[in-house]
Amino acid sequence: MSDVPANHPRALSLELREKIEYYRQLGIVANAGPIAHGRGEAFDYLLGETTPTPVLEDIYTAAALLLEAKYPVISVNGNTAVLAPKSLVSLSRKIPAKLEVNVFYGRTGEREKKIADYLISQGAPEVIGINAEAKVPNLHSARMRVDKNGMALADIVLVSLEDGDRTKALIDWGKKVISIDLNPLSRTAVDATLNICDNVIRALPLLEKAVQDLRTNQQRIKELTAKVNNDYSTARVLRFLNYRLRNLATIKNEFSILEATEKHINFINSLTKSVIEEGYFYPQSDEFNTADYMRSKLNSESTYVNVLLARNNPCGFIDGDVRDDHKFYLNHLAIDKRYRGFGGGKILLEKVEKLAVIKDCQKIVVKIFTNCHAAQALFLKSGYTIEGFIDCIKEKHNLIVMVKKVIL
């Protein structure tokens, strides 16, 4: 279907655009579908075409809400069906939840059937919503018609690429709504019980993984559902966008790295404390977060501490040590959250590899909390593999052990 070269830097984006247009011509996507897709892609550019760190937490909260529900339903329109059919089917099985077609344009029964048939061709055992007769109160668009065995009975509805009128109407009808919307200021995102500000092609697989991770952890499900706050989630996304855009304008290609000295001790200890509070580092005894302890690390011949700078301002650090087993143990890699997402992590990892080569290490070893999804993605992308897991009885999350062979 596509003539886009596989190595084109925008290959995936171009293929998705062509897919939307192709299925528009087949009557599955509405004529307005390409416009809606382009609007979402513009917001994805602002996010850096990656799932923001705070949104990863929202995805786990959404998974908890879906698992807690008695009658969850996934609402599907043309764009969503075309962009992520297999993810929709797989997620609906994992929860489990019904798939229901609900569209704004061309609500004649014919288009709904085309969408349903397409999802069934992708593995869905059943898709409802064709010729639906139940009605959402106080909604006057074609979306008001819902299946009497689907959204009419649902206690929670997952909607993607949605119009805000129905989201609010469903909420007023007594239902919870989880939305997936790249625009954090849309009516849908603002009115939803919880919005996932992410691209649907990334969000659905992550949501499925979260469902799988939480399924047997009833205590964690209760903790997550007890603190749902969409205003707070939206504010975090807006802060992420603010930091990202501000820093793109000031620090692009201006990262540097140098060996830490005593003047960096307060910064390192402060950032360590901040990351511990975020839940991404082990809590440390007070003796390990003192100037004297960090000074002893700086003076050790087997420990290496480096600081990442953005326009000469400290914004991250690494510390690791070389042991008798010819391995480089990366103890900490941390970046101030205002500077994350701009390539600083990659620069720090490149420094780690250089240090490992200089010291004739055979492997680099790092341990990461299972909730540090962004860090896991960074290490996997950089060639690390998962070697095992460590149970942390006193902590909320366990540790993943990741390694990378050093090419000397």
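Can you give me the relative contact order of the chain as a percent, contacts being Cα pairs under 8 Å and 6 or more apart? That works out to 12 percent. Local charge for Val29 was computed over the other residues whose Cβ lies under 12 Å away, with Lys and Arg +1 and Asp and Glu -1, and equals +3. Summing charges over neighbours of Lys176, with a neighbour being any other residue whose Cβ is under 10 Å away from its Cβ, gives -1 when K and R count +1 and D and E count -1. Relative contact order, whole percent, for region 11-238 stands at 24, derived from Cα pairs under 8 Å and 6 or more residues apart. The overall shape of region 11-238 is rounded: from the C-alpha gyration tensor, with semi-axes ordered a ≥ b ≥ c, the ratio a/c is less than 1.5. Would you work out the relative contact order for region 68-164, in percent, from Cα pairs under 8 angstrom that are 6 or more residues apart? For region 68-164, the relative contact order is 37 percent.
The residues neighbouring His326, those whose beta-carbon lies less than 12 Å from its own, together hold a net charge of +2 under the Lys/Arg +1, Asp/Glu -1 convention. What label, among (1) 38.8, 151; (2) 23.9, 75; (3) 24.6, 96, belongs to Rg and Dmax of the Cα atoms in Å computed from the structure on display? Read-out from the structure maps to (2). Shown is the FRET efficiency for Thr385 and Asn217, computed with R0 = 25 Å from the Cβ-Cβ distance and rounded to the nearest 0.05: 0.45. What FRET efficiency, computed as 1/(1 + (r/R0)^6) with R0 = 25 Å and r the Cβ-Cβ distance, is obtained for Arg93 and Arg338, rounded to the nearest 0.05? Once the sixth-power term is evaluated, E becomes 0.05.
Extending 7 Å from the Cα toward the beta-carbon at both Lys135 and Tyr293 defines two label points whose distance is 6.6 nm. Its Cα centre serving as origin, region 11-238 has a Cβ charge dipole (Lys and Arg +1, Asp and Glu -1) of approximately 460 debye. Checking the cross-link pairs Lys273/Lys354; Lys381/Lys405; Lys70/Lys168 against a 18 Å limit on the alpha carbon distance flags Lys273/Lys354; Lys70/Lys168 as lying beyond it. If both residues of a DSSP beta bridge must be in region 11-238, then about 10% of such bridges are antiparallel. Sorting the segments 71-82, 28-39 by their mean number of nearby beta carbons within 10 angstrom, highest to lowest, gives 71-82, 28-39.
Throughout, read-outs are computed from the coordinates displayed, never taken from laboratory work. This structure is a prediction, so every number in the text was calculated from the model and none was measured. Here the Cβ is made from the backbone with ideal geometry for all residues, glycine too, and neighbour counts use every protein chain on show.
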